[in-house]
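The values are calculated or read from the model by the stated rules, or taken from the named source; none is laboratory data. As the structure is a computational prediction, the values presented were derived from the model and not from experiment. Here the Cβ positions follow ideal geometry from the backbone for every residue, glycine too, while neighbour counts run over all protein chains shown. Surface areas here come from the heavy atoms of the whole protein model, side chains and all, with no ligands, DNA or RNA. Shrake-Rupley method; radii C 1.70, N 1.55, O 1.52, S 1.80 Å.
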Amino acid sequence: MKLKRRSFLGTATLATASLSAPALMGQTRPRVVVIGGGSGGGTVARYIAKDSNGAVDVTLIEPSRRYYTCYFSNLYLGGFWEYDALGHDYGNIARTGVNVVHDWAVGVDRDAQTVALASGERVPYDRLVVAPGIDFVEGSVPGWDVSQQSLMPHAYKSGTQVQLLKHQIETMREGGLFVMVAPPNPYRCPPGPGERVCMVAHMLAQSNPSAKILVVDPKETYSKQALFEEGWERHYPGMVTRIGPDFGGENVEVRPEEMEVIIDGMVEKADVVNVIPAQKAGKIAELAGLTNDTGWAPVRPGDMRSTMDENIFVLGDASHQGAMPKSGFSANSQAKVVANVIRGELTGSRIFPARYSNTCWSLIATDDGVKVGATYEPGAEQIESVTSFISQTGEDADLRRQTYEESIGWYNGIVADIFG
Amino acid sequence: MKQPLKLLFCIGALLAPVQTVAQAIPIGDATAGAEIYRRECASCHQIGDGAQHRIGPHLNRIFDRGAGSHDDFRYSEALLRQGRDGLRWDLRRLDAYIENPRALVSGTRMSYRGLSDPERRADLIAYMRAYSDQPQNIPEAAPTARGREVNLSAEILSIEGDIEYGEFLSSECTTCHQRSGDHAGIPGIVGWPEEDFVVAMHAYKQKLRPHEVMQSVAQRLDEEEIAALAAYFRELGRE
Ligand SMILES: Cc1cc2nc3c(=O)[nH]c(=O)nc-3n(C[C@H](O)[C@H](O)[C@H](O)COP(=O)(O)OP(=O)(O)OC[C@H]3O[C@@H](n4cnc5c(N)ncnc54)[C@H](O)[C@@H]3O)c2cc1C
């Protein structure tokens with residue numbers, strides 16, 4: 001492997017050890033390359049390295065040195081979580097024996113089985129995992145593109161966007177208007193926009209109680225709708241208005257320079273605008289030829305293997321798999337199935353039948369947590385839901401508080417599982 | 001949550017082979033408890049025929065008795081107050097008090113350091129239980145055994161878990177339950193005695209335990225898979 005030393009993270013000894021080991025053994029270990037060190041990619045790299053005890057050479061390609069989770073970023077907006085506590089570095093993943101390369105993957109040569117990096121290097125693989133998360137569909141909200149993200153932030157990918165959004169809301173004029181342009185299906189974290197509205201409302205109720213929130217939504221219905229609407233009514237009465245498709249919510253355009261939102265032809269002057277555009281698989285999936293006309297990468301339900309290439313797996317938000325929501329929990333769950341399959345194929349270890357699960361917690365107000373979840377299994381064509389549950393409206397305060405505390409336990413659990 | 005579970009386990013090991021008591025587990029081994037009583041308690045507390053108050057009150061009929069309720073014994077103010085507040089000596093309270101007296105009644109005069117081994121406490125309590133009212137004489141008396149949460153056959157309890165499979169299955173658990181055993185908001189599950197684990201998972205599977213995430217996870221685990229998980233998490237605790 002022709003990697004430059006400086007592109008490695010971790011101590012010198014670590015880098016040396018992982019580079020020289022195959023040479024010392026006089027044979028090449030099977031090579032796994034993972035593109036994207038988020039919820040899906042971080043998990044799969046770590047599990048393969050941990051469970052194969054060095055029998056597999058695992059390289060993780062991720063441009064950022066610190067991964068900021070999108071999960072709990074809404075809680076940061078609401079003042080329930082610190083920004084720094086959203087960030088996790090790759091030190092422990094490297095310590096399980098993963099070569100962590102901080103660079104962008106810019107192309108995949110599927111015939112040669114190599115990944116091209118922005119630095120110009122090529123990394124060969126026997127199995128490739130593609131987990132780049134999402135990118136935005138250009139033109140999905142007329143008037144908006146990523147170059148406008150400092151005027152109208154999306155705050156829907158990890159990192160500093162959410163700090164910007166928080167700052168804009170904090171400095172909004174008294175009695176101002178916050179507009180959220182919600183995305184069409186499918187998008188990451190189905191309850192994410194609803195939870196964000198709760199957290200923005202929570203923040204405004206304290207600092208700017210005469211401010212208003214307008215949600216412009218192209219969808220008829222959305223995840224946890226009854227729970228969120230009950231919460232808005234109970235905790236933030238009169239603050240939140242939602243315009244669905246029947247009143248023009250699917251016909252929206254923005255003018256970032258003027259801070260205007262045009263809903264079905266009507267111009268609305270806004271103070272802060274959060275545009276969450278339509279989404280598709282992270283660009284590298286498309287460049288690798290793994291996506292179809294949905295914009296997502298179709299996979300086989302039993303093992304998340306690309307339907308386009310036997311040696312490539314796509315997981316997390318970028319995959320088109322069926323019934324699982326695009327969530328960090330789902331990505332983590334899928335990664336474990338993929339890790340088991342890849343390790344089995346490369347080392348002969350046992351391969352077990354896939355099982356998947358997901359639970360998404362959301363915070364509505366102080367100590368008012370709700371959840372939705374399901375278990376899944378592979379069907380003939382796609383992943384299907386087996387059992388599901390959701391919090392009920394009208395639950396008592398103790399249960400809601402316990403659900404919130406549980407969500408903190410989950411957060412600590414999943415980040416320990418990936419980065420701890 | 002944790003304590004009764006531990007208790008449940010150590011007494012589960014002594015499960016009588018008779019089928020009819022499959023649902024009830026003796027509190028502990030009363031014979032072993034007699035020896036523990038002699039060593040730990042007898043210098044201050046008498047029990048049995050003709051027992052009198054000494055440094056501490058006698059412990060006949062301690063089960064179901066209100067704390068500080070012998071008129072002819074001088075208790076600490078703390079214990080009397082707890083008695084007025086409704087503290088009664090049932091299995092759980094006795095267990096907690098013996099484990100760490102000051103944790104339950106902070107101003108107690110009982111200068112006993114506590115007995116940390118749950119199995120020895122269970123044996124001790126089983127011994128003491130024999131000197132209180134028995135349900136066969138007084139139906140309202142406290143039970144002399146604990147019910148198992150779920151009725152599991154000996155075959156299910158004796159399934160040898162496939163640890164490697166358990167490791168794969170465990171990855172579903174570790175999205176929330178930390179591998180390190182750390183717990184905050186979500187209970188730790190590492191290093192549990194296997195039987196506790198199996199009983200708990202079957203209780204979720206049968207929806208006797210009320211948590212929806214756990215119910216849905218448990219619902220699709222079969223007996224072998226539950227045993228595999230129990231074996232894996234026990235092993236993980238030994239690492
Ligand atoms: C506001 C909000 C709240 C959310 N709340 C929750 C929640 O409570 N629970 C939950 O489970 N999920 C939640 N989610 C969803 C969750 O964040 C995503 O579903 C999850 O991160 C998806 O994981 P992933 O691995 O597919 O992608 P990501 O975690 O986004 O990781 C992708 C990684 O790939 C890297 N990458 C991209 N392109 C390249 C390239 N070309 N080369 C190398 N690396 C590349 C990126 O830098 C990134 O680190 C929330 C999302 C949002 C926006």
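Across the protein assembly as shown, how large is the tail of the calculated P(r) beyond 43 Å, expressed as a percent of all Cα pairs?
Tail of P(r) above 43 Å: 37 percent of Cα pairs.
Cut-off 10 angstrom, C-alpha nodes, Gaussian network model of chain A. Which of A:333, A:39, A:140 fluctuates the most?
A:140
Report the gain in length on full extension from residue A:389 to residue A:294: 0.36 nm times residue separation, minus Cα-Cα distance, nm rounded to one decimal.
Full-extension gain reported as 31.4 nm.
Relative to the longest principal Cα axis of chain A, at what angle does helix A:39-52 sit, 0 to 90 degrees, rounded to 10?
Between helix and principal axis, roughly 30 degrees.
Using a 1.4 angstrom probe on protein heavy atoms only, which residues from the stretch B:134-174 are buried by at least 10 Å² of accessible area when all chains are present rather than their own chain alone?
Buried by 10 Å² or more upon assembly, which counts only protein chains, are B:162, B:164, B:165, B:167, B:168, B:169, B:171, B:172, B:174.
Kindly identify the stretch A:139-277 as rounded, prolate or oblate by the Cα gyration tensor criterion: order the square roots of the eigenvalues as a ≥ b ≥ c, call it rounded if a/c is under 1.5, otherwise compare a/b with b/c, prolate if a/b is larger, else oblate. Mind showing how you got there, number by number?
Working: a/c = 1.29, a/b = 1.08, b/c = 1.19.
It comes out rounded by the Cα gyration axes.
Projecting each Cα onto the charge dipole of chain B (Lys/Arg +1, Asp/Glu -1 at the beta carbon, about the Cα centre), which of B:166, B:204, B:89 comes out farthest on the positive side?
Going by the charge dipole, the pick is B:89.
What FRET efficiency would be calculated for the residue pair residue A:401, residue A:205, taking the C-beta separation as r and a Förster radius of 22 Å, to the nearest 0.05?
Given R0 = 22 Å and the Cβ-Cβ separation, E is 0.70.
On the protein heavy atoms, probe 1.4 angstrom, tell me the percent of accessible surface of the protein assembly as shown carried by carbon and sulfur.
49
Which of the peptides B:114-124, A:394-404, A:171-181 is most tightly packed, and how do the rest follow, going by the mean number of other Cβ atoms within 10 Å of each residue?
Answer by packing, highest mean first, reads B:114-124, A:171-181, A:394-404.
If one takes the longest principal axis of the Cα atoms in chain A, at what angle in degrees, from 0 to 90 and to the nearest 10, does the Cα axis of helix A:397-419 lie?
30
Quick one: 3J(HN,Hα) in Hz for the stretch A:111-118, Karplus 6.51/-1.76/1.60 with θ = phi - 60°, rounded, Gly and Pro as x.
With coefficients 6.51, -1.76 and 1.60, one gets 6, 7, 6, 9, 10, 8, 9, 4 Hz.
Determine, for the stretch A:201-352, the count of lysine pairs separated by eight or more sequence positions (or lying on different chains) whose alpha-carbon distance falls under 21 Å. Show your work: numbers first, answer last.
On the way: A:212/A:269; A:219/A:280; A:219/A:326; A:224/A:326; A:280/A:326; A:283/A:326; A:326/A:336.
Final tally of qualifying lysine pairs is 7.
Which of A:167, A:320, A:235 ends up with the largest GNM mean-square fluctuation for chain A, with Cα atoms connected below 10 Å?
Judging by the Gaussian network model, the answer is A:167.
Give the angle, between 0 and 90 degrees and rounded to the nearest 10, that separates the Cα long axis of helix A:12-25 from the longest principal axis of the Cα atoms of chain A.
40
Quote to one decimal, in nm, the extra length available between residue A:308 and residue A:267 on full extension: 0.36 nm per residue of separation minus the C-alpha distance between them.
So the extension gain works out to 10.3 nm.
Apply 1/(1 + (r/R0)^6) to the Cβ-Cβ distance of residue B:206 and residue A:171, taking R0 = 60 Å, and write down the FRET efficiency to the nearest 0.05.
0.65
Buried accessible area between A and B (1.4 Å probe, both chains summed, ligands and nucleic acids excluded), in Å² to the nearest 100?
2400
Between rounded, prolate and oblate, where does chain B land on the alpha carbon gyration tensor, with a ≥ b ≥ c its root eigenvalues, rounded for a/c under 1.5, else prolate if a/b exceeds b/c?
Prolate shape, in that a/c is at least 1.5 and a/b is the bigger ratio.
Please figure out what share of the DSSP beta bridges in the stretch A:110-251 is antiparallel and state it in percent, rounded to the nearest 5.
25
Which distance in nm do the two modelled labels at residue B:90 and residue B:42 give, with both placed 7 Å along the Cα-to-Cβ direction?
Output for this residue pair reads 3.2 nm.
Taking beta carbons within 10 Å but only from partner chains, what does the mean come to for residues B:182-190?
4
Choose one answer from A:306, A:407, A:210: the residue with the largest mean-square fluctuation in a GNM of chain A with alpha-carbon springs under 10 Å.
A:210
Could you compute the net charge surrounding residue A:137? Neighbours are other residues with a C-beta less than 11 Å from the C-beta of residue A:137; K and R count +1, D and E count -1.
Taking every Cβ under 11 Å from that of residue A:137, the sum is -2.
Test of understanding: extend the Cα→C-beta vector of residue B:54 to 7 Å, then name every residue of the stretch B:81-110 with backbone N under 19 Å from that spot.
B:98, B:109-110
Would you tell me the mean number of C-beta atoms belonging to other protein chains that fall within 10 Å of each C-beta in A:138-144, as a whole number?
Across the residues of A:138-144, the mean count of other-chain Cβ atoms within 10 Å is 0.
Using a 1.4 angstrom probe, figure out how much accessible area chain A has per residue, in square angstrom, rounded to the nearest whole.
38
Can you give the average number of partner chain beta-carbon atoms within 10 Å of each beta-carbon in peptide A:402-414, as a whole number? If you can, show how the numbers build up before the last one.
Working: counts 2, 3, 1, 3, 6, 3, 3, 9, 6, 4, 7, 13, 4.
Neighbouring Cβ atoms belonging to other protein chains average 5 per residue here.
Can you figure out the FRET efficiency of residue B:35 with residue A:229, using R₀ = 60 Å and their beta-carbon distance, to the nearest 0.05?
0.40
Around residue A:286, under 9 Å between beta carbons, what's the net of Lys plus Arg minus Asp minus Glu among the other residues? Could the numbers behind the result be given before it?
Details: positive: A:280, A:283; negative: A:135.
Summing Lys/Arg as +1 and Asp/Glu as -1 gives +1.
Nothing charged except the Cβ atoms of Lys and Arg (+1) and of Asp and Glu (-1): what's the magnitude of the dipole of the stretch B:64-149 about its Cα centre? Round to the nearest 20 debye.
Here the stretch B:64-149 has a charge dipole of around 260 debye.
Around residue A:255, under 12 Å between beta carbons, what's the net of Lys plus Arg minus Asp minus Glu among the other residues?
The answer is -4.
If you count the DSSP beta bridges with both ends in the stretch A:174-263, what percent of them are antiparallel, to the nearest 5?
Looking only at bridges with both residues in the stretch A:174-263, the antiparallel portion is about 30 percent.
Enter the accessible area of residue A:221 (Å², nearest 10), with the probe set to 1.4 Å and all protein chains included.
Surface open to solvent at residue A:221 totals about 90 Å².
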